[in-house]
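Below: the structure, in structure tokens.
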Amino acid sequence: MQDERSKMLVRLLTQHHQALLRYVYALVGNAEDANDVLQETSVALFQKLDQFDESRPFLPWAYRFAYFEVLKWRDSAANKPLTLDNDVVELVSKDRERGDALLKRRMDLLPECFRLLPSRDLIAIRSRYYDKTNLDELCDKLGLSRRTLFRELERIRKSLMDCIESKLAIEEIY
């Protein structure tokens with residue numbers, strides 16, 4: 001059973017590696033130190049694996065460990081110039097966690113907003129951002145000049161953002 005949980009943790013760490021690294025980097029401000037802190041965070045997560053509740057999201061749990069590892073790193077790096085006070089580090093940490101939650105919610109709403117797009121707009125977005133279609137090919141496919149294509153993509157992105165923001169606003173009301 002423990003072996004299965006270890007495998008699950010490895011999968012979760014792999015899946016969320018970039019988010020955790022960005023979080024730690026925001027708190028320590030140096031890529032090399034961020035990698036060291038993230039490594040210590042991974043060790044701490046393995047040591048406390050039995051405390052992880054699989055019914056809850058992994059990332060907030062991992063962020064708490066990373067936060068405490070950042071504090072340990074700050075204590076051990078007393079000879080290094082630190083630019084942020086511990087209170088500021090805590091504020092940045094909380095702000096980062098809220099930002100990640102909001103980003104996740106926006107990403108969850110994106111498919112709903114895609115469904116509301118006219119088919120031509122959906123083709124343009126899918127071709128450009130998912131299929132990574134070359135710009136010249138996409139211009140030919142849609143019968144648009146480059147300049148017009150850029151304007152259309154900007155309009156579609158704004159439409160998607162407006163859709164997401166209006167859905168978030170409705171959620172706040174209820």
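Read-outs throughout are calculated quantities, based only on the coordinates presented, and are distinct from any laboratory measurement. From a predicted model like this one, the values you see are computed outputs, not experimental measurements. Reconstructed Cβ throughout: ideal geometry from the backbone, glycine too, with neighbour counts over all protein chains shown.
Charged side chains reduced to their Cβ positions (Lys and Arg at +1, Asp and Glu at -1) give the range 1-85 a dipole of some 160 debye around its Cα centre. The stretch between Leu71 and Ala169 holds 31.7 nm of extra length on full extension. This uses 0.36 nm per residue minus the Cα-Cα distance.
Under a Gaussian network description of the chain, with springs only between Cα atoms under 10 Å, the residue in Ile123, Ile156, Ile164 that fluctuates furthest is Ile123.
What is the angle, in °, between the Cα long axis of helix 86-115 and the longest principal axis of the Cα atoms in the chain? Nearest 10 is fine, range 0 to 90. Compared with the principal axis, the helix lies near 30 degrees.
Compared with the dominant principal axis of the Cα atoms in the chain, helix 146-173 is inclined by about 60°.
Based on Cα contacts under 8 Å between residues 6+ apart, the chain shows a relative contact order of 18 percent. Absence of a disulfide-compatible partner, taken as no other cysteine beta carbon within less than 4.7 angstrom, is noted in the chain for Cys139. Magnitude of the charge dipole for the chain, about its Cα centre and with charges confined to Cβ atoms of Lys, Arg (+1) and Asp, Glu (-1), is about 720 debye. Comparing Cα centroids, the range 9-45 and the range 147-174 end up 32 angstrom apart.
Taking other C-beta atoms within 10 angstrom as a stand-in for reagent exposure, Lys167, Lys72 fall in the order Lys72, Lys167, fewest first. Between the labelled values (i) 10, 34, 35, 18, 3, 0; (ii) 8, 27, 23, 23, 16, 4, 0; (iii) 10, 40, 37, 12, 2, 0, the entry that holds P(r) over Cα pairs in 10 Å bins from 0, in percent as derived from this structure is (ii). If I fit a long axis through the Cα atoms of helix 31-47 and take the longest principal axis of the Cα atoms of the chain, what angle between them do I get, 0 to 90°, rounded to 10? The helix 31-47 is inclined about 70 degrees to the chain.
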